[in-house]
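What follows draws every value from the coordinates through simple rules; no lab data is involved. A quick note: this is a predicted structure, and the numbers were derived from the prediction, not measured. Because the Cβ atoms are built from the backbone with ideal geometry, glycine has one as well, and the counts that use them run over all protein chains shown.
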Amino acid sequence: MDGVILGGWEWVAAAWGVSLGIFVTYAVVLEVRLRRARGRDGAAGQEGAR
C-alpha cells in the first residue's frame, strides 16, 4: 500500500515538473517575442496601440 502511495506521489511530482518546465519555456519564448516586437515597432508605437 505504501509503495502505491509513494508511486502515486512520484507521478504527481513528475507531472508538476513537466508542467512547470513547459510553463517556464512558454513564458521565456513569449517574453522574447514581446521584446522583438517592441524592438521592431518602437516604444512610441506600443504606447499608441494601448
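Numbers for the structure displayed
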quantity	calculated
Computed E for ARG36/ALA13 - FRET, C-beta separation, R0 35 angstrom, nearest 0.05	0.50
Environment charge of LEU30, counting only residues whose C-beta is closer than 14 Å and scoring Lys/Arg +1, Asp/Glu -1	+3
HN-Hα J in Hz across the range 24-37 - Karplus 6.51, -1.76, 1.60, θ = phi - 60°, x for Gly and Pro	4, 4, 4, 4, 5, 4, 5, 4, 5, 5, 5, 5, 5, 5
